[in-house]
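The values are calculated or read from the model by the stated rules, or taken from the named source; none is laboratory data. Keep in mind the model is a prediction, meaning the values are calculated, not measured. Glycine also receives a Cβ, built like all others from the backbone with ideal geometry; neighbour counts cover every protein chain displayed.
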Amino acid sequence: MMQGFVNQSCEAIIPVVVGHSKARQQMVQTVIDTGFTGFLSLPLSIIESLELPWIFRDSATLGDGSEVLFEMYRAFVIWHGQYQVVDVAASEAEPLVGMSLLSGSKLYIEAVQDGIVTIEAMP
């Protein structure tokens, strides 16, 4: 089980350990975004500090219907206590956890400031 909190902007925040090797890891406070179908997005500054390898460019449709190109990188995260390899989209927005990473999980949110966010692995 993983836990986070709801911030004053009513965003569900969950800490995620991200890295490229065991020597280069960082705990990142991420916003859960159920409208994001990818795994994870991070600012380029974090991607560069972790020295994540670039893998490809990918196009995506944003919520406003516009198409954008994202530079995609490879990383591991610790998710439900296990290392998992994920694709990371470079974005100057705040770090996001998307539905691909949440797949196979139960998500509970107490949707009030300082409410508890819980993510559990499904059996």
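Taking the criterion of being among the hydrophobic types (A, V, I, L, M, F, W, C), assigned to a loop (DSSP other than H, G, I, E, B) and touching a helix residue (DSSP H, G or I) at 6+ places or on another chain (Cβ under 8 Å), the residues of region 35-81 that qualify are Phe36, Phe39. Of all the listed residues (Gln84, Gln113), the sole one being surrounded by 11 or more Cβ atoms within 10 Å (Cβ to Cβ) and either small (Gly, Ala, Ser) or assigned to a strand (DSSP E or B) (or both) is Gln84. The set of residues from region 1-34 being within 13 Å of Ile78 (Cβ to Cβ), of a type in the set (S, T, N, Q) and touching a helix residue (DSSP H, G or I) at 6+ places or on another chain (Cβ under 7 Å) comprises just one member, Gln26.
Could you list all residues from region 15-43 that are among the hydrophobic types (A, V, I, L, M, F, W, C) and either modelled with pLDDT of 95 or more or within 18 Å of Glu120 (Cα to Cα) (or both)? Val16, Val17, Val18, Met27, Val28, Val31, Ile32, Phe39, Leu40, Leu42, listed by residue number. Do we have any residue at all in region 90-104 that's under 21 Å from Val28 (Cβ atoms), exposed (fewer than 14 other Cβ atoms within 10 Å of the Cβ) and without any contact (Cβ under 8 Å) to a residue 12 or more places away in the chain? So far as region 90-104 goes, yes, one or more of its residues are under 21 Å from Val28 (Cβ atoms), exposed (fewer than 14 other Cβ atoms within 10 Å of the Cβ) and without any contact (Cβ under 8 Å) to a residue 12 or more places away in the chain. For region 61-76, the count of residues that are under 21 Å from Gln3 (Cα atoms) and either surrounded by 13 or more Cβ atoms within 10 Å (Cβ to Cβ) or among the aromatic types (Phe, Trp, Tyr) (or both) is at least one. Pairs meeting the criteria (first residue in region 33-55 and under 17 Å from Ile13 (Cα atoms), second residue among the aromatic types (Phe, Trp, Tyr) and modelled with pLDDT under 95, beta carbons under 8 Å, at least 6 apart or on different chains) are Ser41/Phe70. Return the residues of region 7-24 that are exposed (fewer than 15 other Cβ atoms within 10 Å of the Cβ) and either aliphatic (A, V, I, L, M) or in contact with a Pro (Cβ under 7 Å, 6 or more places away or on another chain) (or both); say none if nothing qualifies. Correct list: Val17, Ala23.
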